[in-house]
Amino acid sequence: MGYCSKDTANGNKIIHDIEVTDDVLTSRGGLSLFVRYLRGIDVYRYLEELFGNIRRSGKGLPIAEVFKQVFCFFLDGTSRHLVYFDTLKEDEGYARSIECEPDKMISSHGVKRFFGAFVVPVTFLFRRILQQLFLWRLQITKPELIMLGLDTMVMDNDEAKERQGVKPTYKKVDGFQPLQMTWGRFIIDALFRSGDKHSNHASDAEKMVRRIIAKIRRHYRADVPIIIRLDSGFFDQKLFEVFESLQIGYICGGKLYDDIEAIVSGSDESSWGCYRSQGQVWDYLEMGDCRGSWKKFRRAIFCRPQYEAEQKLLPFARPETLIYTNLGMGETIDEGLRQVGLEKMMSPEEIVASYHGRGRDELVHRAFKDFGSEELPFKRFAQNSAFYYTMVTAFFLYEVFKEDVCAPVIEVSSYATTVRRKIIDVAGKIVRHAGRTILKVTRYSCKHLDFYQLWAKSGHPPQMVLL
């Protein structure tokens, strides 16, 4: 059916042709909020202090400027290939939206030279940034209880086996397996490792825990109760002894040995307890356990679900879990919980609930992969390590940006894909007027996103005091 004259009535709705405009336009207007926020918290100064020495020539871009462009590259998320920097270099609108002169945009070769300047010892400085950001958020939120998670995350690089450190992982793919500590939605410390490093490899976990506990008690509160959650990959008496010496609580998955199975199968029905939560019902059995090489008994809770997705499970089909903890054993952590009114954390029901709440810790890893990329671009381990740590740092900054700026518009639990579509992908026009640069957005975006409020909040974020 052809168009009639009515199709073009009332303003000629049909587009007949295209023309080129010299106006400075951008499809990433929301990045201006992120850049403004980073400038507001003054993170650039800290980056310059830590990494300023890797700048080999005064003719190159300042280190902070390079980091800013890489952070925006991650948040933009259009591409994970470094050659995309060459595309961005030609986009004046993008450059203006991130407060950069077009001729100062870094190329893909510049990014490769930047990461090529890193060696492994220098990459560890990123961990200082993560810990600094963590302490900053503690000072803002002032939690009465700090719940930490510790786990590994497999990064699938199966198609890049020639890269240094790409080794077989427990998920049967070749890649990397960093050790990561989480707090809520944040990755607060990380150790980049090759794929063959298991959860409790060497003393990595112990050193990470000792370091973060010392910083919490020195810079936040010496008496704050701290609990760490771990899966059975960290089931080790030596690690338990470290936690007990640090006077923190732990909730850790255990291994179902034959003698444990015998105790469970021979237990009287009256010894079992029942815990209900959000449609799920757990049967649990408390016991004390002392492995052959252990020096003392520890509290253990055996549990199994009755349902899976509202489907009642037959006894032989119920997944079984064994949990070890020092909560409720008369240690210092118990008194700390009582002082803040959280003695319920010592009950078996709360311990079971907390252990299965580890699923939320794993969601952080999923959110990180949605934000960044599992596949790393370089052949050398040190370069990939620096790229990974930059990505983790950008992820932390993105999470606090959501919380401090975007919360009125989107949920703080939203994944990066949602944030990009709603906040970042905003059409804008950038103009110069009376010596000032102005970003113009559509009336719809201004009203729908309350852009004036986002702009005000991005310019006045909570100040980060270096500790």
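Of note:
- Taking 0.36 nm per residue of sequence separation and removing the Cα-Cα distance, the ARG210/SER107 pair yields an extension gain of 33.1 nm.
- Estimated Rh, the stretch 400-451: Kirkwood, alpha-carbon pairs, angstrom: 12.3
- Take the Kirkwood radius over Cα pairs of the stretch 136-196, plug it into Stokes-Einstein at 10 °C and 1.306 mPa s, and you get 123 µm²/s for translational diffusion.
- Taken as Cα centroids, the stretch 222-267 and the stretch 434-457 sit 52 Å apart, rounded to the nearest whole angstrom.
- Remark on ILE188: its backbone amide H falls under 5 Å from those of MET181, THR182, TRP183, a criterion applied only to residues 5 or more positions apart or on other chains, H modelled at 1.01 Å from N.
- The GluC sites (Glu not before Pro) of the stretch 349-432 that DSSP puts in a loop, and whose beta carbon has at most 12 other beta carbons within 10 Å, are GLU411.
- Largest first, the extents of the alpha carbon coordinates of the stretch 122-370 on the three principal axes equal 58, 46, 39 Å.
- Shown here is the pair-distance distribution of the stretch 102-246: with all Cα-Cα distances grouped in 10 Å bins from zero up to the longest one, the shares run 10, 33, 33, 18, 6, 0 percent.
- Taking 0.36 nm per residue of sequence separation and removing the Cα-Cα distance, the ALA407/THR437 pair yields an extension gain of 8.2 nm.
- Each stretch of four or more DSSP H residues adds -39500 (n - 2.57); spread over every residue of the chain, this sum gives -11500 deg cm²/dmol at 222 nm.
- As a calculated quantity, the FRET efficiency between ASP223 and THR418 at R0 = 35 Å, using C-beta atoms, amounts to about 0.35.
- With eigenvalues of the C-alpha gyration tensor scaled by 5 and rooted, the stretch 34-155, Å: 28, 18, 16
- Alpha carbon centroid spacing (whole Å) that separates the stretch 383-426 from the stretch 73-124: 17
- By other beta-carbon atoms within 10 Å, ranking ILE438, ILE14, ILE106 with the fewest at the front produces ILE14, ILE438, ILE106.
- Cα convex hull, the chain: 219 Å³ per residue, rounded to a whole number.
- FRET efficiency, 1/(1 + (r/R0)^6) with R0 25 Å, evaluated for GLU374 and ASP425 via beta carbons: 0.60
- FRET efficiency, 1/(1 + (r/R0)^6) with R0 30 Å, evaluated for GLN237 and ALA117 via beta carbons: 0.10
- Rounded to 10°, Cα long-axis angle of helix 381-401 versus longest principal axis of the chain: 80
- Taking label positions 7 Å along the Cα-Cβ direction at both ASN53 and SER270, the computed distance is 6.9 nm, reported to one decimal.
- Neighbour-count ranking [beta-carbon atoms within 10 angstrom, fewest first] of TRP136, TRP294: TRP294, TRP136
- Nearest 10 degrees, 0 to 90: helix 63-76 Cα axis against the chain principal axis: 80
- In loop segments of the stretch 34-75 as defined by DSSP, there are no chymotrypsin sites (Phe, Trp or Tyr not before Pro) with at most 12 further C-beta atoms inside 10 Å of their C-beta.
- In plain terms, the chain from ARG291 to VAL465 could stretch by 58.0 nm, reckoned as 0.36 nm per residue minus the Cα-Cα distance.
- Per the Kirkwood formula applied to alpha carbons, the stretch 162-217 shows a radius of gyration over Rh ratio, Rg over Rh, of 1.04.
- The stretch 207-289 - Rg over Rh from alpha carbon coordinates, Kirkwood radius: 1.08
- Considering only alpha-carbon pairs that sit under 8 angstrom and 6 or more positions apart, the relative contact order computed for the chain is 21 percent.
- For the stretch 29-73, the residues whose amide N sits under 13 Å from a probe point set 7 Å from the Cα of SER445 along the beta carbon direction are 29-34.
- Think of each Lys and Arg Cβ as +1 and each Asp and Glu Cβ as -1; about the Cα centre, that makes the dipole of the stretch 122-370 roughly 1200 debye.
Read-outs: derived from the displayed coordinates by stated rules, not from any lab. Everything numeric here is computed off the predicted structure, so don't read it as measured data. Reconstructed Cβ throughout: ideal geometry from the backbone, glycine too, with neighbour counts over all protein chains shown.
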